[in-house]
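A.B. asks: Can you keep this structure in mind? I'll have questions shortly.
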Amino acid sequence: MTEPSNASHKTPIKQDISNTNENSQDCDILSIRNNKSKTKYILEVRVSDPQKIHGDRGSSGSYVSYQISTKTNNPSYHTSNFKNNQDTTKVDYDMDKIIVVHRRYSDLLLLQEILYNDHPTCIIPPLPDKKVFQYIAGDRFSQRFTQKRCHSLQKFLRRIACHPILSESNVLRMFLTSDDWEAYKKNLAKVLPSTKEEVTDSFMNAFKSVHNQSEEFVEVKEKNDRLNHTIIKLDKIFHKIIKKNDFISEDFSKLGTNLQELNDLIKRNQESGECNINDSNDEKLSQNLKSFTNGIIQLSYGLSDLNKYLDYEYVVDLKSLEHFIDSMRQLVKLKDQKQIDYEELNEYLTKAVKMRDNLISGYGGTNFFTNKLEEMAGINQESVRREKINKLENKINSLNNELESAKKIADAFEKETLKEIKLFEETKTKELKESLGSLADNHIKFYEKMLETWTEIDANLK
């Protein structure tokens with residue numbers, strides 16, 4: 001019989017590296033929630049101005065740097081750059097000051113990894129993919145790619161800023177304020193735990209399922225599976241709309257150019273005197289054609305702007321929400337792993353107890369031929385039986401302790417996961433409301449502009 005091993009538990013990275021505790025358990029990690037600041041500060045983050053930087057960091061080559069601007073009324077953000085031995089109470093700092101730093105994509109990956117390790121019971125927001133195909137095609141520095149990634153990175157940081165636990169993280173504060181991030185990053189890299197064992201445990205439990213899943217988690221899974229399916233369908237639909245709008249905008253642009261050329265031809269004919277049309281009619285035709293041409297050009301520009309919003313923001317938000325749902329699923333899987341650990345320990349304990357009881361009653365142990373061989377070898381079978389019973393008693397006592405610990409961890413993870421799912425649902429609802437509202441506002445703005453433009457053109461044509 002093979003004894004099931006407890007899944008390794010993530011140990012949070014302490015911000016004071018010298019005080020890292022290698023033996024901290026998941027129950028200690030869960031207590032982090034009780035240390036939250038009672039004061040809720042405003043934390044606004046904006047990612048902008050992606051710039052191509054020619055790398056000077058070894059062999060990293062060129063990369064994209066993003067400007068991250070932070071506005072907050074949290075005093076610790078405004079005093080973070082002062083030395084520890086400096087009396088910050090005497091420092092005159094501006095709470096309305098916008099803190100600006102520059103970070104690259106790999107810096108945000110590191111931030112995400114640290115938050116994963118520090119807060120294993122939190123839903124860590126997802127980052128955009130590495131976009132391998134764009135890298136191969138040499139397209140990772142294009143405006144379209146960097147602007148879309150810029151929007152995704154901003155979504156990532158704003159989700160963290162809205163989270164009651166993650167927003168209080170010291171590493172987030174350092175990330176958003178520190179001018180010595182590179183040195184801080186090197187120190188963190190030395191204490192980041194290896195994920196090899198965690199991956200192994202996850203793979204071993206990948207084909208197992210919880211025997212008694214609560215109705216709450218079943219409902220959450222079904223609800224978000226339906227939403228995820230809808231988002232995937234919307235993503236496909238809007239990609240088709242964007243592609244179609246690109247063609248339509250291009251056609252209107254060409255039509256506007258052709259109409260402009262026609263208007264120029266009419267003017268040249270007027271100047272050369274080749275037109276036989278009445279001068280007043282000729283002038284009226286030229287003015288009407290110019291007005292209509294401007295309307296077509298405005299339609300092309302307006303449709304292009306609307307399409308840019310759909311491509312750069314709305315579709316990016318859909319994909320980000322899809323990944324966000326997947327992050328929630330990963331946390332539920334982690335909770336399931338803790339539950340599976342408990343159930344396997346319980347099964348192993350039941351088998352050990354049954355084996356001990358069989359040995360005590362005289363029915364357990366080795367088979368008939370083994371008993372005869374031991375008897376011929378002069379081995380005292382009663383002594384062997386008692387020795388096996390004693391070993392099983394010790395194993396049962398040990399398993400009882402492990403089972404109690406596994407039960408506490410599983411219950412704690414389930415409790416914290418339910419809290420996280422509640423926060424996730426609130427964030428998801430808020431984002432969907434904002435995204436659909438923005439989608440409606442941009443369409444209304446487009447149609448209002450077109451109504452105003454063509455109403456004016458219609459009046460001029462009469």
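The values are calculated or read from the model by the stated rules, or taken from the named source; none is laboratory data. These numbers come from a predicted model, not from an experiment. A quick note on method: Cβ atoms are made from the backbone with ideal geometry, for glycine too, and the neighbour counts reach across all protein chains shown. Areas reflect the complete protein model, heavy atoms only, side chains present, ligands, DNA and RNA absent. Shrake-Rupley method; radii C 1.70, N 1.55, O 1.52, S 1.80 Å.
A.B. asks: Can you give the extra length, in nm with one decimal, that the chain gains between Asn390 and Ser65 once fully stretched, where that is 0.36 nm per residue apart less the Cα-Cα distance?
C.D. replies: Working: separation 325, 0.36 × 325 = 117.00 nm, distance 6.50 nm.
Gain on extension, Asn390 to Ser65, equals 110.5 nm.
A.B. asks: Distance between Cα centroids, region 385-434 to region 100-125: provide it in whole Å.
C.D. replies: 25 Å
A.B. asks: A 21 angstrom limit on the alpha carbon distance is what I want to check against. Which of Lys71/Lys433; Lys155/Lys449; Lys338/Lys415 exceed it?
C.D. replies: Lys71/Lys433; Lys155/Lys449
A.B. asks: Could you tell me which of the pairs Lys351/Lys407; Lys254/Lys290; Lys148/Lys254; Lys97/Lys445 are separated by over 22 angstrom between their Cα atoms in the structure shown?
C.D. replies: Working: Lys351/Lys407 18 Å; Lys254/Lys290 15 Å; Lys148/Lys254 27 Å; Lys97/Lys445 33 Å.
Violating the 22 Å limit, Cα to Cα: Lys148/Lys254; Lys97/Lys445.
A.B. asks: Right, another one. Once label points are set 7 Å from the Cα along Cα→Cβ at both Lys130 and Asn401, what is their separation, rounded to one decimal in nm?
C.D. replies: The two pseudo-label positions are separated by 4.4 nm.
A.B. asks: Based on alpha-carbon positions alone, could you give the equivalent ellipsoid semi-axes of region 400-444 from the gyration tensor, as √(5λ), descending, whole Å?
C.D. replies: That gives 43, 6, 4 Å for the three semi-axes.
A.B. asks: Give me the extension gain from Asp305 to Leu451: residue separation times 0.36 nm, minus the current Cα-Cα distance, reported in nm with one decimal. Don't skip to the end; give the middle numbers.
C.D. replies: On the way: separation 146, 0.36 × 146 = 52.56 nm, distance 1.60 nm.
So the chain would gain 51.0 nm between Asp305 and Leu451.
A.B. asks: Taking a probe of 1.4 Å, how large is the accessible area per residue of region 401-457, in Å²? Walk me through the intermediate numbers first.
C.D. replies: Details: 3510 Å² over 57 residues.
About 62 Å² of surface per residue is accessible.
A.B. asks: Can you pull the accessible area of Trp181 for me, 1.4 Å probe, Å² to the nearest 10?
C.D. replies: We get 10 Å² for Trp181.
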